[in-house]
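Structure first, commentary second.
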Amino acid sequence: MSTPIGVFDSGLGGLTVMRSLIDLVPEEPIVYFGDTGRFPYGPKPAEEVLRYAIEIGDLLVDRGARLLVVACNSAAAAALDALQDRLPVPVVGVIEPGVRAARRATRNGRIGVIGTIGTVASGAYRRVAEDLAGDVELTCVACPGFVEFVEAGDVDSEQVHVLAERLLAPLLAADVDTLVLGCTHYPLLARTIGDVMGREVVLVSSADETAFAVRELLGVERVGAEPPACASPAPSPAPSPAPHRFLTSGDVMTFRHLGARFLGPEVEEVEAWSWS
Ligand code: DGL
């Protein structure tokens, strides 16, 4: 069996990226770390998030990860370069894939980005957009409170809706036609966000784009491969699902319960991790 892909987030949000990875490369085992004991990252100073990201990167490489996915925008904004410099394995973030997808989706050139306070304040989306999509107009809005609702298992209550109406108002005013969900927790709020923004606005989750980037890196891109020259080759057996591992620095039962709800039946055993 191959060594795993390491995936981490401040909590449960990175499971949206893990879902896309499982769907796209089902034969790859994944070790997931949710730092729920130190969540949320968004309001914390960048240096603190950088320190956490380095600790988790080291841990996952120790656990055999042959590639690391920073499935957290706040951590990617604070630590992607440092992790790429430090670790002996390829490190993939979620910001660049999201911008690429939004650039393809927009028709009027006005793109919204929502994220945590840390992600928006870092200017990471603006920098990447200047490099990859210099011709678009970006409106970035921080959405404090969204992540806390998700971690509490509340994705569609009246309270979330009211908060979304208030926080997303500047994006409606800016007439964006595409909205990047610049926090991996936000796809879990897609229904609420979509209700507020309206049907015409395309919601972009970086999860799928990130999974495509990972597949390319793994060199398992098979689409378009030439069929063998011999006639009627036997169909190859479907790959069996890979075993996955989950670690959390927070409450194991909560992680297992909400993890199974947000990711699916893949969440079984969850290992408790203590930073002390
Ligand atoms: N999923 C993390 C992100 O993408 C949430 C950050 C937080 O813990 O505040 O930014």
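Looking at region 135-182, which of the residues that are closer than 21 Å to Ala76 by Cα and of a type in the set (Gly, Ala, Ser) is nearest to the chain's Cα centre (by Cα)?
Per the criteria, the residue is Gly182.
Restricting the first residue to region 35-51 and requiring it to be closer than 14 Å to Thr184 by Cβ, which pairs with a second residue that is surrounded by fewer than 17 Cβ atoms within 10 Å (Cβ to Cβ) meet a Cβ separation below 6 Å and a spacing of at least six or different chains?
Gly42/Ile117
Test Gly37 against the criterion of being within 22 Å of Val252 (Cβ to Cβ) and within 9 Å of the ligand (Cβ to nearest atom), and give yes or no.
no
Can you list the strands (runs of 3 or more DSSP E) lying wholly within region 1-96 that have 3 or more residues being surrounded by fewer than 19 Cβ atoms within 10 Å (Cβ to Cβ), small (Gly, Ala, Ser) and in contact with a helix residue (DSSP H, G or I) (Cβ under 9 Å, 6 or more places away or on another chain)?
none
Can you work out which of the residues in region 71-88 that are within 9 Å of the ligand (Cβ to nearest atom) and in contact with a Gly (Cβ under 8 Å, 6 or more places away or on another chain) is nearest to Leu21 (Cα to Cα)?
Among them, the one singled out is Ala71.
Every residue in region 47-68 that is under 16 Å from the mean Cα position of the chain (by Cα) and away from the ligand (no atom under 12 Å from the Cβ), please.
The answer is Ile56, Gly57, Leu67, Leu68.
Since every read-out is calculated from the coordinates, none of them should be taken as a lab result. Everything quoted here is computed from the prediction, not taken from an experiment. In this analysis, Cβ positions are derived from the backbone assuming ideal geometry, glycine residues included, and neighbour counts consider all displayed protein chains.
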